[in-house]
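Below: the structure, in structure tokens.
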Amino acid sequence: MSTSFGTLLRALAHGRVDFIVVGGIAAAVHGASRSTYDLDVVYARSSENIERLADAVGPLEPYLRGAPPGLPFRLDRTTIGRGLNFTLVTSAGDLDLLGEIVGGGGYAELLPHSEPVTVFGVECRCLSLDALIAVKRAAGRVKDFEVLAELEAIRDEKRRAR
Amino acid sequence: MAALEIPVSFEPDPVIQVYMRDIDLTQVRERLKLTPAERLLMLQQFIIDLEAIRGAGQRQA
């Protein structure tokens, strides 16, 4: 099943969840060509937001990605509160809910380095190009080198166009 | 403004510079002409098409 990014983003936005799009979808927003199959978001860890997040994602039947079927897993506010990062499969595709990311920290740290974008008919916040480059550099993963090169080329192109 | 855990660096990374040699700038420039919404729609359509191709391949196997 392919991930419906629009369905996932609308669920979060309509549920008034405070979140920032990061990862491959953020890279695509800025113009990267690499394909990605999941949506990565950093969510605010306030108790109110955790409750909104559980309510928004609950109807999408979230389950731990790669886990054997039948585990007594429920993505409710208690589960989210006790955990931090969740890699999920949902009825709308793969969704990673991140309390923190390497090099970037949590929602509060990332918020000033995010920008509003309107995609799939909803307005949400997306990590800025500079911050995305910074966190991918910090992560230092070999698999990110190609997209990092593309993001830096995009940054160069944008500077040249100014 | 809250600081990122690591500062945003504008210094070229020699390893990334090597990877940058293979970037097709004509494609980068074309994508930059699109809006963010158009870029994501293109990605979504690519994934749907890929899934259809995979499905067709599995049916033939």
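The values are calculated or read from the model by the stated rules, or taken from the named source; none is laboratory data. Because the structure is predicted, anything quoted here is derived from the model rather than measured. Positions of Cβ are generated from backbone atoms using ideal geometry, with glycine treated the same way; all protein chains shown enter the neighbour counts. The protein model used for the area step is the full one, side chains on, heavy atoms only, and it has no ligands, DNA or RNA in it. Shrake-Rupley method; radii C 1.70, N 1.55, O 1.52, S 1.80 Å.
For residues in region A:77-129 being in contact (Cβ under 8 Å) with a residue 60 or more places away in the chain and among the aromatic types (F, W, Y), which is surrounded by the most Cβ atoms within 10 Å (Cβ to Cβ)?
In this case the residue turns out to be A:Y107.
If the requirement is being aliphatic (A, V, I, L, M) and touching a strand residue (DSSP E or B) at 6+ places or on another chain (Cβ under 7 Å), which of these qualifies: A:L97, A:L129, A:L148, A:L84?
A:L97
Residue by residue through region B:21-61, note down the ones that are within 17 Å of A:K158 (Cα to Cα), assigned to a helix (DSSP H, G or I) and either modelled with pLDDT under 90 or polar (S, T, N, Q) (or both).
Within region B:21-61, B:T26, B:Q27 qualify.
Could you tell me how many of the residues in region A:8-20 are crowded, with 17+ Cβ neighbours inside 10 Å and part of a helix (DSSP H, G or I)?
Selection size over region A:8-20: 6.
Which residue out of A:V29, A:V17, A:V57 is among the aliphatic types (A, V, I, L, M) and within 14 Å of another protein chain (Cβ to nearest Cβ)?
Exactly one residue qualifies, and that residue is A:V29.
Looking at (1) among the aromatic types (F, W, Y); (2) out of contact with any helix residue (DSSP H, G or I) (no Cβ under 8 Å at 6 or more places or on another chain); (3) over 29 Å from A:R141 (Cα atoms), find the lone condition where A:F73 falls short.
Against the list (1) among the aromatic types (F, W, Y); (2) out of contact with any helix residue (DSSP H, G or I) (no Cβ under 8 Å at 6 or more places or on another chain); (3) over 29 Å from A:R141 (Cα atoms), A:F73 comes up short only on (2).
From the set of residues in region A:21-68 that are of a type in the set (D, E, K, R) and out of contact with any helix residue (DSSP H, G or I) (no Cβ under 8 Å at 6 or more places or on another chain), which is most open to solvent (accessible area, probe 1.4 Å)?
The residue in question is A:E61.
Could you check, for region A:47-62, whether at least one of its residues is in contact with a Ser or Thr (Cβ under 6 Å, 6 or more places away or on another chain) and either at pLDDT below 95 or within 22 Å of A:T118 (Cβ to Cβ) (or both)?
Looking for residues that are in contact with a Ser or Thr (Cβ under 6 Å, 6 or more places away or on another chain) and either at pLDDT below 95 or within 22 Å of A:T118 (Cβ to Cβ) (or both), one finds at least one in region A:47-62, hence yes.
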